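Step one of this worksheet: look at the structure below.
Every number here is computed from the coordinates shown, using simple stated rules; none is lab data. For clarity, every value in this text was computed on a predicted model and none was experimentally measured. Cβ coordinates were reconstructed from backbone atoms using ideal geometry, including for glycine residues, and neighbour counts include every protein chain displayed.
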Amino acid sequence: MIIDHLDAPVPGSSLHPTLTGEAYTSAEVFEREQQEIFEKMWNCVLRADSIPSPGQWKTVTVGREEIIVVRTRKAGIKAYHNVCRHRGMRVCTSGDGKNKTLQCGYHAWTYALEGELVAAPNLTSMPDVDREQYGLKSVAVREWLGYVWVCLSDADQGEQPPSFEETVLGEVRTSFGAVESIDNYGIENLRCGESKTYDVAANWKLIIENFMECYHCATIHPELTEVIPEFADGLASQRANGEVHGASFGEQIRGFTVDGSDGVTEFPSIAPDQERKYYAITVKPQVFINTAPDQVIIHRMFPVSESRTIVVCDWLFLPEVVERVDAGELDVSKSVELFHRVNLQDFEACEQTQPSMSSRAYRSGGALVPSEHHIGEFHSWWTQRVEAGSAD
Ligand code: FES
Ligand SMILES: [Fe+2]
């Protein structure tokens, strides 16, 4: 929904070219994206409170790698490649669990939660084995907004993770003005009231491009344009004339709900320009952050193939709201339903677009109208990263 405001015709051509169809259909391109984008940048993988106590772990797929994310006793949350250092079996063979140590099920090499090799059959008779060196291979971790972010940059190849401040926080600064503006929502202290997983038969870039524009809002989002009328003209803006701009609720709208009825308790410390406003941020390559006065909606994308993407969407509310929902005293279904419908509408459009990407009629791509020109910046960024990969 991020779009630059346009009051007058843009100079030059109205239509800009998109990427070619092949960018969305080629397995080879997808592999380069995995290597150059998802395996080198910061990925938001799970909620930190989904592994609340020491020993709890989950596995996640980032790029082409499977990663264990575990809460340790002494070192906070750590992440490792799910690859046994003995002969390579997956150490954790299910999606989640809770253990005092991480033990491989093949020959019982056993790793501390902090990663080092602590036990193995006959290990004492191999005193030269360096237990740190043969510990699980670790992956860079950050916690932000209550989520665990990981970066797979390859230390063995001399790679360092990109600066979290410059990349992730930099994106927030670009769309939100200042990182501090997002602090008003206190996202790290919110609780997840609902989470939905969508298995979308579309390339991940189609999903990002869809999120970045509102040219489609009037056509496919009747409920959203009712709540936020300025989206109906396709020119609602996060950055109007270079200024950060939230999209305002309609006059008769009481809350960010599917029918415009009252929402739930609002965040206590949002600024006046955040009241009755919706903001959206794209954090490349796989996160969307949406804020309303009483809920924050966060999407995480996990590309599976060139034509399939898993999207996990969380609806976050104040802890007391979620407590009341859990106690059966409060219903947030109307709040959740609004963006759930938006998701279904958007993903259906993406799925109806994906097959055309391999059509001869789209061989040289399509067109971006002026209110979509900023998608061209995303395409330039993408081309630069993927071409850097092909130059290797
Ligand atoms: S492969 Fe894990 S202990 Fe042998
Ligand atoms: Fe949409």
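Summary of the geometry: segment 297-330 and segment 256-271, compared by the centres of their Cα atoms, lie 17 Å apart. Here Thr101 and Ala201 are evaluated by their C-beta separation; at R0 = 35 Å the FRET efficiency comes out at 0.30. Ordered by the count of other Cβ atoms within 10 Å of each Cβ, fewest first, Met212, Met301 give Met212, Met301.
Ranking of Leu169, Leu206, Leu113 by neighbouring Cβ atoms within 10 Å, starting from the fewest: Leu169, Leu206, Leu113. Within the chain, Cys44, Cys92, Cys151, Cys192, Cys313, Cys350 have no other Cys Cβ under 4.7 Å of their Cβ and so lack a disulfide-compatible partner by this rule. Considering helices alone, the calculated mean residue ellipticity of the chain at 222 nm is -7000 deg cm²/dmol, with DSSP H runs of length four and up weighted by -39500 (n - 2.57) and normalised per residue.
Farthest toward the positive end of the dipole of the chain, out of Ala361, Thr25, Val129, is the Cα of Val129, where the dipole comes from beta carbon charges about the Cα centre. The ranking of Phe302, Phe339 by Cβ neighbour count inside 10 Å, starting from the fewest, reads Phe302, Phe339. Taken as Cα centroids, segment 161-221 and segment 79-152 sit 32 Å apart, rounded to the nearest whole angstrom. The label point for Ser14 and the one for Thr72, both projected 7 Å from the Cα toward the Cβ, are 5.9 nm apart. Rounded to the nearest 20 debye, the dipole size of segment 42-161 about its Cα centre is 420 debye, using +1 on the Cβ of Lys and Arg and -1 on the Cβ of Asp and Glu.
Between Trp381 and Asp273, the FRET efficiency from the beta-carbon distance, with R0 = 41 Å, is close to 0.90.
With θ taken as phi - 60° and the Karplus curve 6.51 cos²θ - 1.76 cosθ + 1.60 applied, the whole-hertz 3J(HN,Hα) list for segment 34-40 is 4, 5, 8, 10, 6, 8, 10 Hz, x standing for glycine and proline.
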